[in-house]
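The values are calculated or read from the model by the stated rules, or taken from the named source; none is laboratory data. All values derive from a computational prediction rather than experimental measurement. Don't worry about glycine lacking a Cβ; one is built from the backbone with ideal geometry, like all the others, and counts go over all protein chains shown.
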Amino acid sequence: MEKINRKEIAEVNNKILNAIKDEKKDPSNSLRKAFYFKGRKSNLIAKKVIEEFTEETDLVLDPFFGGGSFILASLEANRFVEGIELDSYTYSIFKTLMTKVEEKLLANYFGIIENNVKENVMKLYRTKCCGVENCFSKLLFDPEDGEYYEPIRNREFEDGKNVKLIEKCPVCGCKSKKFDDYDMEVLESTLKLDNSRFPTDKYIENSRINITSSTGADKYERNFSERNKQALLIIQSEINKLPKSKEKNFIQHALVSSLALAKTSMYGSSTDILYHVIREQGQEMNVWLLFEAKFKSMIKFQEEYANYLVKDINNNNIMKLTNASYSILKNTGKKYDMIYTDFPYTDQVPYLERNQLFRIWLENFSDKKFELTDSMLEEEIVLTNAPSRISKNKIDNYYYDLDKVFF
């Protein structure tokens with residue numbers, strides 16, 4: 001392979017800087033809300049760089065497409081793009097987002113679920129304010145001590161009202177209240193629910209992403225309340241009744257994406273910290289509201305990127321996405337005009353381990369194809385401190401794996 005000299009590097013850097021100028025680095029907001037992915041990059045910046053270095057007839061490749069930002073960038077630049085992704089979960093949800101669905105059928109299926117189980121799910125979150133029945137969207141409490149009446153206060157309830165109501169109370173006009181004996185009665189009733197179908201798998205341990213056996217964080221069910229376990233199981237059971245279809249896949253991923261906040265998390269939490277065991281200042285969120293919001297976010301994404309949706313992700317004139325390792329490219333003889341990618345960077349995000357929350361749910365309730373296999377773990381380019389992945393524990397091995405991509 002011919003060595004690239006410093007002058008060529010400087011020329012490329014200058015062209016990139018000239019192309020992006022003052023473009024903001026924010027990634028697509030609708031993509032960010034549609035599904036969880038750590039480390040997503042700006043598709044707008046990528047679009048400008050792709051346009052600077054290629055022509056409309058050129059072929060672009062992203063061998064680690066992950067959250068899909070560079071796939072979108074290539075499409076927006078009107079370049080045919082091929083994407084490869086090792087993680088079957090990430091591949092599946094991005095494929096689902098980029099695949100056309102029958103809108104009326106999708107709405108009908110969601111409506112069936114809503115009509116059949118929403119009321120039962122919402123009953124799990126029932127409360128009262130001034131004697132009037134209501135439901136809560138969020139409950140703030142201290143998990144380790146089981147303190148609900150007087151949890152440590154934070155910016156979300158400085159007034160001590162730690163139960164966030166869905167509807168404004170018609171008596172006092174408030175949308176929050178203090179946890180009371182009625183709420184405790186409801187809470188205690190949820191402890192008797194049959195959640196035996198909830199997954200009890202064990203995660204690959206990795207202290208860097210807070211999966212430790214000492215805290216119990218390596219147990220799938222550890223961070224879910226009994227109430228939220230039941231809510232997830234109720235909705236999942238109804239999804240299972242739908243006929244096999246693109247629309248069912250869409251709804252399934254809406255529920256799976258909800259898992260990040262359906263577990264007990266830190267108050268005001270985003271979805272960045274997936275496995276941290278919360279000791280105090282935690283929150284329990286209404287699963288139905290999370291599910292519904294994620295469903296709407298996915299629809300909004302498809303509306304925004306309607307021009308790029310396809311019926312078949314592998315048979316169209318704008319893109320091709322493949323669930324595989326980058327190694328499938330070897331010995332194909334195929335040439336690309338540009339490779340635009342963001343390959344895994346050392347130990348910052350061990351994606352296969354980080355996505356275990358979503359993958360295990362899908363493996364248990366949707367399809368065994370989501371199993372995290374030994375071959376996937378071996379193919380991943382990553383530096384991890386997971387004790388079970390000794391071959392991926394050393395930086396030298398990481399660079400060796402990375403070199404194989406280019407040589």
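Looking only at residues that are touching a Lys or Arg at 6+ places or on another chain (Cβ under 7 Å) and over 20 Å from Phe343 (Cβ atoms) in segment 68-88, which one is surrounded by the fewest Cβ atoms within 10 Å (Cβ to Cβ)? Only one residue fits best here, namely Glu76. In segment 278-298, the qualifying residues are those that are in a helix (DSSP H, G or I) and charged (D, E, K, R), and the one that is nearest to Lys164 (Cα to Cα) is Glu292. Name the residue that is modelled with the lowest pLDDT, counting only residues in segment 321-348 that are among the β-branched types (Val, Ile, Thr) and under 20 Å from Asp403 (Cβ atoms). Only one residue tops the list, namely Thr346. For segment 318-330, the count of residues that are surrounded by 12 or more Cβ atoms within 10 Å (Cβ to Cβ), more than 21 Å from Leu61 (Cβ to Cβ) and of a type in the set (Lys, Arg) is zero.
Here's the yes/no breakdown for (1) in the same structural domain as Asn120 (by TED's automatic domain parsing); (2) among the aromatic types (Phe, Trp, Tyr); (3) closer than 30 Å to Glu150 by Cα; (4) without any contact (Cβ under 8 Å) to a residue 24 or more places away in the chain:
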site	(1), (2), (3), (4)
Leu290	yes, no, yes, no
Lys294	yes, no, no, no
Thr322	no, no, no, no
Ser327	no, no, no, no
Asp337	no, no, no, no
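Residues in segment 373-407 that are within 22 Å of the chain's Cα centre (by Cα) and in a loop (DSSP other than H, G, I, E, B): Thr373, Glu380, Ile381, Val382, Leu383, Thr384, Ala386. For Glu238, the stated conditions hold: it is in contact (Cβ under 8 Å) with a residue 60 or more places away in the chain and over 19 Å from the mean Cα position of the chain (by Cα). Just to be sure before I move on: is Gln230 in the same structural domain as Gly146 (by TED's automatic domain parsing), in a helix (DSSP H, G or I), within 17 Å of Glu363 (Cβ to Cβ) and not aromatic (Phe, Trp, Tyr) in the structure I sent? The answer is no for Gln230.
Could you check, for segment 68-89, whether at least one of its residues is in a strand (DSSP E or B) and either free of Cβ contacts under 8 Å to residues at least 24 places away in the same chain or hydroxyl-bearing (Ser, Thr, Tyr) (or both)? Checked segment 68-89: no residue is in a strand (DSSP E or B) and either free of Cβ contacts under 8 Å to residues at least 24 places away in the same chain or hydroxyl-bearing (Ser, Thr, Tyr) (or both). Can we say Leu187 is in a helix (DSSP H, G or I) and either among the basic types (Lys, Arg) or in contact (Cβ under 8 Å) with a residue 60 or more places away in the chain (or both)? When the stated conditions are applied, Leu187 does not pass them.
Taking the numbered list (1) at positive phi; (2) in contact with a strand residue (DSSP E or B) (Cβ under 6 Å, 6 or more places away or on another chain) in turn, Asn78 passes all entries but (2). Test Tyr149 against the stated conditions and say whether it is more than 26 Å from the chain's Cα centre (by Cα), of a type in the set (Phe, Trp, Tyr) and at pLDDT 95 or above. So Tyr149 passes the test.
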